[in-house]
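Below: the structure, in structure tokens.
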There are 2 protein chains.
Amino acid sequence: MRVDEQTARQLLSSLNFKDGLVTAVVRDWRTKQVLMVAHQNEEAFIRTMVTGIMHYWSRSRKKIWMKGETSGHIQRVRRVYLDCDGDSLLYDVEQKIAACHEGYFSCFFRRLRKGKWQIYLKRRFNPSEVY
Amino acid sequence: MRVDEQTARQLLSSLNFKDGLVTAVVRDWRTKQVLMVAHQNEEAFIRTMVTGIMHYWSRSRKKIWMKGETSGHIQRVRRVYLDCDGDSLLYDVEQKIAACHEGYFSCFFRRLRKGKWQIYLKRRFNPSEVY
């Protein structure tokens, strides 16, 4: 899914950036598995909408990044949802290989069990071979 | 799902609070529909873990709130997942009535279609009768 730049800029008016950012929750478009959570500033949102490929704002590196720019594990946008107060977006994407830099399909590869975090997903790739 | 306070405090060490907050993504535990996104500080996380009922930090009101404290639409925790860098949690909850203060089951009741946000869910309650 893509829109032209003018439309993307018009959509900005529905968004409610807090400290310049909205929260992006990203799901696999088929299974709806939650893959990751990240942030977007205006420019990351515009680039995502215009290219159809997920872009984020890195709060630690303070720059825009395209998911998959190093690994090739890009995310193609299939659908976008907006929440009631406009500060969170939900994206359904087509994920290449895996979302997590630790090799799991989802970054949420740990779940709480008997008071401890337990890894419940299998690795899809070996991080040391990719990064 | 609940844990005792000592366990809850031990779990804090896996979390990576940014400006004192982690992001909480909340799903319906059965359908896995994403209901809302909010934030938690340490205390909101502890209260959630100990009571088994979702608590958040309100960035606008600058205080802890229990989801449903006004409406009765509480969220009972069924499962918790943690992401790779520890700054986002994914909760599967049992949602009473609906998550959104606008009357929809999910706060993400709008999706992008032909360049515009389109409401695609039906209201479950009339907000003026609840708030």
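Share of Cα-Cα pairs in the protein assembly as shown beyond 31 Å, in percent?
Values: 7753 of 34191 pairs.
Cα-Cα pairs of the protein assembly as shown separated by over 31 Å account for 23 percent.
Working note: 222 nm ellipticity from helices only, DSSP H runs with n ≥ 4, each -39,500 (n - 2.57), summed and divided by the residues of the protein assembly as shown, gives -4000 deg cm²/dmol to the nearest 500. Using a 7 Å projection from Cα along Cα-to-Cβ, the label point at A:Asn126 is separated from the same position in the remaining copies by 6.4 nm, smallest value first. How far, in degrees from 0 to 90, does helix A:42-51 lean away from the longest principal axis of the Cα atoms of chain A, to the nearest 10? So the inclination is approximately 80 degrees.
Beyond 27 Å in Cα-Cα separation lie the following of the pairs B:Lys32/B:Lys122; A:Lys32/B:Lys62; A:Lys67/B:Lys63; B:Lys18/B:Lys62: A:Lys32/B:Lys62; A:Lys67/B:Lys63.
Expressed in nm to one decimal, what extension gain is obtained for the pair B:Glu43 and B:Arg61 from 0.36 nm per residue of sequence separation less their Cα-Cα distance? Could you put the intermediate results ahead of the total?
Values: separation 18, 0.36 × 18 = 6.48 nm, distance 1.54 nm.
Between B:Glu43 and B:Arg61, full extension yields an extra 4.9 nm.
Once B binds A, the 1.4 Å probe can no longer reach about 3400 Å² of accessible area, counting both sides. In the elastic network of chain B, a GNM with C-alpha springs shorter than 10 Å, the most mobile of B:Arg47, B:Arg110, B:Arg27 is B:Arg110. So how far, in whole Å, is the C-alpha centre of region A:57-131 from the one of region B:91-131? Rounded to whole Å, the Cα centres lie 25 Å apart. Name the shape class, rounded, prolate or oblate, that the alpha-carbon gyration tensor gives for region A:42-85, where a ≥ b ≥ c are the square roots of its eigenvalues, rounded holds for a/c under 1.5, and otherwise prolate holds if a/b is larger than b/c and oblate otherwise. Oblate. Note on region B:61-131: the C-alpha convex hull projects to 7.0 nm² when averaged across all orientations. For region A:26-131, the residue among A:Ile97, A:Leu121, A:Phe108 whose Cα projects farthest onto the positive side of the dipole built from Cβ charges is A:Leu121. For region B:5-101, the solvent-accessible area with a 1.4 angstrom probe is 41 square angstrom per residue.
For region B:63-100, heavy-atom accessible area (probe 1.4 Å) falls by no less than 50 Å² from the chain alone to the full protein assembly at B:Arg79, B:Tyr81, B:Leu82, B:Cys84. Along Cα→Cβ at 7 Å, what distances in nm separate the A:Lys63 label point from those on the other copies, shortest first? Ordered by distance, the counterparts are at 4.4 nm. Ranked from shortest, the separations from the 7 Å Cα-to-Cβ label point of B:Thr51 to its equivalents in the other copies are 4.4 nm.
In region B:16-64 the Cα-Cα distances spread across 5 Å bins starting at 0 as 5, 21, 28, 25, 15, 5, 1 percent of all pairs. Each principal axis of the Cα atoms in region B:1-91 has its own extent, and those three values, largest first, are 32, 30, 23 angstrom.
Roughly to the nearest percent, how much of the accessible area of chain B is carbon and sulfur, given a 1.4 Å probe? If you can, show how the numbers build up before the last one.
Working: 2840 of 6330 Å².
Of all accessible area on chain B, carbon and sulfur atoms account for 45 percent.
Other residues within the sphere of radius under 9 Å centred on the Cβ of A:Val37, judged by their own Cβ, net out at -2 (K and R +1, D and E -1).
The values are calculated or read from the model by the stated rules, or taken from the named source; none is laboratory data. Just so you know, these numbers come straight off a predicted model, no measurement behind them. Ideal geometry is used to build each Cβ from the backbone, glycine not excepted, and the neighbour counts take in all protein chains shown. Accessible surface is based on the protein model in full, side chains and every heavy atom, while ligands, DNA and RNA are left aside. Shrake-Rupley method; radii C 1.70, N 1.55, O 1.52, S 1.80 Å.
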